[in-house]
Amino acid sequence: MTAGRSSKEIENYYQGLKKDIEASGYNFSPDEEFVKELLESILINKERYGYEACPCRLASGNKEEDLDIICPCDYRDPDLGEYDACFCGLYVSGKILAGEKRFTSIPERRPGPDERAKTMQEAKDAKIEFKFPVWRCRVCGYLCARDEPPEICPICKVGKERFERFM
């Protein structure tokens, strides 16, 4: 633990998140010490940048540019589906949790900055008319049709800023 971060602070953060993610059907890695080290790094990033950037990726310091890597990141679910763990190993599948499968290295699926900018521009340029806009949670894929996205995703509990206009 760092000098500025107490074991109690990390433990409280861990217990609160663990309860929330398990209620949403997700699992932390069974290696509690490893999880707490990652969570400490997330807290450091929150202090440094003002948001909980993934500790295993280089954050820019610009929240808008880093929305896709705020934990839980946009890549968690595809990584869990394909590799049974997310890129940094914080989240794992039931198979890894039960010891039926081992954690392996996971390739980076985050596109480079040019590809991310292109995708964002294409989404802004799309011209489809509906009575209400359709909002998509970039983390879990939850869709809703309403004037504004929900304050908190009812599925994965991320904030409103993690939604994108889908249609």
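The values are calculated or read from the model by the stated rules, or taken from the named source; none is laboratory data. All of these numbers come straight from a predicted model, not from anything done at the bench. Cβ sites come from the backbone with ideal geometry, for glycine too, and all protein chains shown count toward neighbours.
Quick notes on this one:
- Check on residue 83, assigned by TED's automatic domain parsing to the domain that holds residue 28, farther than 17 Å from residue 159 by Cβ and either in contact with a Leu (Cβ under 7 Å, 6 or more places away or on another chain) or modelled with pLDDT under 95 (or both): no
- Scanning the stretch 120-135 turns up one or more residues that are outside the structural domain of residue 31 (by TED's automatic domain parsing) and modelled with pLDDT of 90 or more.
- Meets criteria (at pLDDT below 95, in a helix (DSSP H, G or I), outside the structural domain of residue 136 (by TED's automatic domain parsing) and surrounded by fewer than 18 Cβ atoms within 10 Å (Cβ to Cβ)) for residue 25: no
- Filter pass, residue 106 being of a type in the set (A, V, I, L, M), farther than 16 Å from residue 156 by Cβ and modelled with pLDDT under 90: no
- From 89, 99, residue being surrounded by 12 or more Cβ atoms within 10 Å (Cβ to Cβ) and on the phi > 0 side of the Ramachandran plot: 89
- Scanning the stretch 28-56 for residues that are surrounded by 13 or more Cβ atoms within 10 Å (Cβ to Cβ), part of a helix (DSSP H, G or I) and acidic (Asp, Glu) yields 37, 40.
- Only residues that are assigned to a helix (DSSP H, G or I) and either within 14 Å of the chain's Cα centre (by Cα) or not acidic (Asp, Glu) (or both) were counted across the stretch 66-103, and they come to 15.
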